[in-house]
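The values are calculated or read from the model by the stated rules, or taken from the named source; none is laboratory data. These numbers were taken from a predicted model, which means no experiment stands behind them. We place every Cβ from the backbone using ideal geometry, glycine too, and count neighbours over all the protein chains shown. With ligands, DNA and RNA removed, areas are computed over all heavy atoms of the protein, side chains included. Shrake-Rupley method; radii C 1.70, N 1.55, O 1.52, S 1.80 Å.
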Amino acid sequence: MSAPAGVRQAVILVGGQGTRMRPLTDTLPKPMLPLLDLPFVERQVDHLSAAGVERVVFSCGYRPREIEEYFGDGASRGLQVGYVVDPEPLGTAGAIANAEELLDDDDVFVLNGDILTDLDLAALVAHHRGLGAEATIALTPVDDPSAFGLVRTDADGRVTEFVEKPGADQLVPGEPYRINAGTYVLSPSARRAIPHGQQVSIERDTFPLLAARGGVGAMASDCYWRDIGTPGSYLDAHLDLLSGRVGFIPSPGAAWVSPDALVDASATIGPGACVGPGAVVGAGATVADCVVGAGTSVGEEAMVDGAVLGRQVTVGPGARVTGLVVAGDGAMVPEGMAVAGPATIPTGSVASP
Ligand code: GTP
């Protein structure tokens with residue numbers, strides 16, 4: 001399939017430290033955290049591929065090896081896949097400039113590696129070309145923009161203003177609140193505006209610079225959109241998926257259990273439970289609204305409800321893990337202990353009551 005408007009190359013930004021997702025990102029880069037049976041970022045690669053993209057460059061920094069080992073050269077999926085690694089954190093624009101050596105002198109899609117969306121990429125390109133923009137940003141609506149960057153446009157869809165974390169006095173009652181959705185089309189001239197080899201933010205540095213010369217377009221869309229950058233949002237992405245709200249990924253049903261998991265016949269798999277490969281759920285245990293990572297074991301009569309458990313976590317018999325408890329790989333909740341979220345159990349640690 002060819003891209004309707006001919007954008008055939010993409011950069012996925014996957015080099016961030018994922019600090020808000022710790023301890024899950026102690027051992028895996030955020031884009032490689034699983035969403036049911038696949039690494040999260042694989043959904044993005046599939047989305048790009050379906051839109052006609054033939055070359056994907058991963059712009060890496062933190063823990064690049066996991067990404068490179070998984071995707072290889074891309075040949076098995078009919079793609080050219082390349083990698084660049086920040087010599088030091090370069091920021092979102094610096095990381096795009098770092099990928100330039102693997103790009104053609106043509107338009108490119110740029111994706112933040114932590115966004116789950118079915119954005120119409122062809123429409124984004126059509127908007128970009130229609131305006132003759134240097135850069136075009138997808139926008140998503142929010143109820144409250146105070147924690148985000150509000151993007152204002154004119155009637156043609158050209159950016160007039162960025163307002164970072166707007167205060168109440170900067171909001172106009174009744175205006176649609178739209179924020180940067182982390183998917184862009186960048187023309188070569190936009191990329192030439194990024195200084196090489198230094199830390200540059202596309203949101204704070206490059207887009208305002210280009211907007212000042214009228215070069216930035218923005219396309220509003222009401223498609224499914226979720227930033228999985230926090231444990232709560234990561235869990236919600238799973239719950240959305242199971243409840244069919246994601247749309248473009250078929251729901252496996254009210255709960256998902258990997259075919260490679262071992263669940264006792266007397267265990268209760270409640271709605272919203274996601275049980276990864278190699279996980280074990282013991283007799284009489286209950287799991288609901290939670291992510292149970294690969295190789296994790298939930299002991300007999302234990303309960304896990306509302307938590308995100310990494311890989312090889314042990315929940316002892318009769319333990320209760322409720323609310324947003326985030327457990328790093330190899331963490332342990334001793335027999336009979338109750339842990340209520342919000343709480344974090346560091347990688348490899350034993351929970352304290
Ligand atoms: P936090 O530390 O929790 O804020 O997460 P993060 O490091 O992922 O940062 P953020 O969510 O702002 O990043 C958005 C996207 O850009 C993510 O997919 C990151 O992997 C990526 N990213 C952020 N900073 C860099 C960087 O300096 N270099 C590269 N290559 N990618 C980056």
- request: Any chance you could count how many residues in the range 19-30 are within 6 Å of the ligand (Cβ to nearest atom) and crowded, with 24+ Cβ neighbours inside 10 Å?
  value: 1
- request: Would you point out which residue out of Pro64, Pro34 is at negative phi and within 11 Å of the ligand (Cβ to nearest atom)?
  value: Pro64
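To keep it simple, each residue is scored yes or no on (1) within 16 Å of the ligand (Cβ to nearest atom); (2) buried (at least 23 other Cβ atoms within 10 Å of the Cβ); (3) at pLDDT below 95.
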site	(1), (2), (3)
Ile96	yes, yes, no
Ala133	no, yes, no
Ile137	yes, yes, no
Asp144	no, no, yes
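Residue by residue through the range 138-154, note down the ones that are out of contact with any Leu (no Cβ under 9 Å at 6 or more places or on another chain) and assigned to a strand (DSSP E or B).
Hits for the range 138-154 are Leu139, Pro141, Gly149, Arg152.
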message: Given the criteria surrounded by fewer than 21 Cβ atoms within 10 Å (Cβ to Cβ), polar (S, T, N, Q) and not assigned by TED's automatic domain parsing to the domain that holds Thr25, does Thr268 qualify?
response: yes
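Is it fair to say Asp73 is farther than 28 Å from Gln198 by Cβ and either touching a residue at least 40 places away in the same chain (Cβ under 8 Å) or charged (D, E, K, R) (or both)?
Values: farther than 28 Å from Gln198 by Cβ: yes; either touching a residue at least 40 places away in the same chain (Cβ under 8 Å) or charged (D, E, K, R) (or both): yes.
Spelling it out, Asp73 is indeed farther than 28 Å from Gln198 by Cβ and either touching a residue at least 40 places away in the same chain (Cβ under 8 Å) or charged (D, E, K, R) (or both).
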query: Of all residues in the range 293-342, which are open to solvent by less than 30 Å² (accessible area, probe 1.4 Å) and either assigned to a strand (DSSP E or B) or without any contact (Cβ under 8 Å) to a residue 12 or more places away in the chain (or both)?
result: Val298, Val304, Val308, Leu309, Val315, Val321, Val325, Val326, Ala327, Val333, Val339
